[in-house]
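Undergrad: Before anything else, here's the structure in question.
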Amino acid sequence: MANKQFAQAPTLQKATLRMGSYDVPCSVLMSNGSTAHVRVMTAGGHFGEVAFVQGGEVRQVRITLRKQGPLGLDLWLDLETAHTAQAA
């Protein structure tokens with residue numbers, strides 16, 4: 001018998017945080033034109049400049065808030081001017 005209360009968790013969009021020469025995968029919890037809230041599941045450190053890569057678009061970011069939770073590290077990002085990563 002199927003459980004009628006079971007609701008499958010929504011699939012989150014994937015993105016990458018580029019920290020120097022390292023690419024760190026993350027899940028996008030919320031995003032609009034100027035901010036993003038992402039969750040990082042892998043351990044690591046901050047290596048200078050950080051870029052947010054999603055859908056071929058690379059944007060420089062400033063981390064405005066970070067919070068470690070049981071499901072990973074949540075980061076609130078301030079997205080700066082967009083640069084297209086694809087060649088014209």
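The values are calculated or read from the model by the stated rules, or taken from the named source; none is laboratory data. None of these values were measured; they are calculated from a predicted model. Cβ sites come from the backbone with ideal geometry, for glycine too, and all protein chains shown count toward neighbours. With ligands, DNA and RNA removed, areas are computed over all heavy atoms of the protein, side chains included. Shrake-Rupley method; radii C 1.70, N 1.55, O 1.52, S 1.80 Å.
Undergrad: So which of H37, H46 is touching a strand residue (DSSP E or B) at 6+ places or on another chain (Cβ under 8 Å), open to solvent by 90 Å² or more (accessible area, probe 1.4 Å) and either at pLDDT 85 or above or not β-branched (V, I, T) (or both)?
TA: H46
Undergrad: Where the second residue is open to solvent by 100 Å² or more (accessible area, probe 1.4 Å) and the first is part of a loop (DSSP other than H, G, I, E, B) and lies in the stretch 61-74, which pairs have Cβ atoms under 9 Å and are six or more apart or on separate chains?
TA: Filtered contacts from the stretch 61-74: L71/M41.
Undergrad: Which one of the conditions (1) in a strand (DSSP E or B); (2) of a type in the set (A, V, I, L, M); (3) at pLDDT below 90 does A9 fail to meet, given that it meets all the rest?
TA: (1)
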